[in-house]
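What follows draws every value from the coordinates through simple rules; no lab data is involved. Quantities reported herein were computed from a predicted structural model and do not represent experimental measurements. Methodologically, a virtual Cβ is constructed for each residue, glycine included, from the backbone with ideal geometry; neighbour enumeration extends over all protein chains shown.
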Amino acid sequence: KLVETSKRLAAYQAVKDHLLSSYTRIGIGSGSTVVYVVEAIAALGPAATADMIFYPTGAQSEDLIEAAGLRLQYINKLPAAEQLDVAFDGADEVDADLNLIKGGGACLWQEKLVATAAKRFVCVADFRKLSARLGTSWKKGIPIEVLPMAAPRVLAELKAMGSHNPRIRPGLPGKAGAIVTDNGMWIIDAPFTPLLLPRDAEEGGIKAGNGDNGVWQVDALADKLIKIPGVAEIGLFYGNNGLEIASGAQKPVAAYF
Ligand code: DER
């Protein structure tokens with residue numbers, strides 16, 4: 001109950017603070033917290049959202065938008081030179097620099113696509129998600145979307161990088177075999193020791209942070225993971241100072257807990 005209340009409060013506050021009436025293009029993430037974001041937007045009433053178009057990050061997100069009676073459009077229909085005004089999404093873990101682990105719902109690829117197409121990225125998460133460093137509370141590992149036939153080699157590379165027991169995410173009851181994402185891919189969850197922040201190294205923390213003695217800094221790990229052949233996208237939204245999800249993308253304007 002407390003968690004659901006926290007999700008709802010965070011969602012309503014985020015919409016109040018960051019859905020401006022002048023906005024016309026809004027990204028909607030995936031998961032259970034973003035359900036409250038859509039609820040809060042729908043609660044504004046049809047007149048307030050009449051000129052707004054909502055861009056989903058997967059099948060669940062698409063259903064949320066449609067069920068709320070909001071206008072739906074897909075990110076591939078957004079002219080490449082243009083951006084969304086804002087994107088709202090959840091996270092599995094948020095560190096002190098607003099780096100995120102995402103992908104608990106296996107929607108990370110389209111989530112990152114939409115997030116990087118937005119001028120502003122607003123992360124909405126309940127109090128459980130905030131921690132000092134990524135990997136402290138979210139123990140399941142960094143979600144990585146992979147080409148199924150590349151999975152064995154990606155697993156081997158992750159082990160060589162110091163991941164503890166990386167594994168292909170199994171299907172839920174009723175689905176034999178691996179989970180298949182909205183994009184027809186698999187998810188590998190790769191646990192690492194908590195990821196260092198830039199300030200750790202500066203403040204005399206473990207100097208390396210680049211995999212030496214098995215300790216990684218967020219951006220060093222992200223840069224290595226994305227280059228593994230067969231990796232389509234990684235569930236790390238990161239930046240040295242706040243969230244630069246990808247070059248050119250804006251840092252997050254806020255995270256709500
Ligand atoms: O899969 C994702 O990245 C989702 O945003 C997920 O991590 C958040 O899910 P929750 O809001 O249900 O915790």
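Odds and ends about this structure:
- Working from label points 7 Å from Cα in the Cα-to-Cβ sense, the Y74 to A43 distance is 3.2 nm.
- Using the Cβ-Cβ distance between M149 and K227 with R0 = 25 Å, the FRET efficiency computed as 1/(1 + (r/R0)^6) comes to roughly 0.90.
- For the chain, the relative contact order is 21 percent, taking Cα pairs closer than 8 Å that sit 6 or more residues apart in sequence and dividing their mean separation by the residue count.
- Too-long pairs where the Cα-Cα distance tops 22 Å, listed order kept, from K119/K224; K102/K129; K1/K175; K7/K102; K1/K112; K112/K175: K119/K224; K1/K175; K1/K112; K112/K175
- Ordering S163, A125, P143 by the projection of their Cα atoms onto the charge dipole of region 104-172, which places +1 on the Cβ of Lys and Arg and -1 on the Cβ of Asp and Glu, puts A125 at the extreme positive end.
- Equivalent ellipsoid semi-axes - Cα gyration tensor, the chain, angstrom: 30, 21, 17
- The chain: most fluctuating residue of V114, V37, V154 per GNM, C-alpha cutoff 10 Å: V154
- Shape of region 86-161, Cα gyration tensor, a/c cut at 1.5: oblate
- Cα gyration tensor, region 1-65 - rounded (a/c under 1.5), prolate or oblate: oblate
- Placed amide H near N210: partners under 5 Å, 5+ positions off or other chain: Q217
- Taking amide H as placed 1.01 Å from N in the peptide plane, the amide H of T57 sits under 5 Å from that of I28, E62, each at least 5 places away or on another chain.
- For E93, distant residues with modelled amide H under 5 Å away: I101
- Alpha-carbon centroid distance for the pair region 1-27 / region 58-118, whole angstrom: 14
- Derived scalar couplings ³J(HN,Hα) [region 44-57; Karplus, 6.51 cos²θ - 1.76 cosθ + 1.60; whole Hz; x for Gly, Pro]: 5, x, x, 5, 6, 9, 4, 9, 9, 10, 10, 10, x, 10
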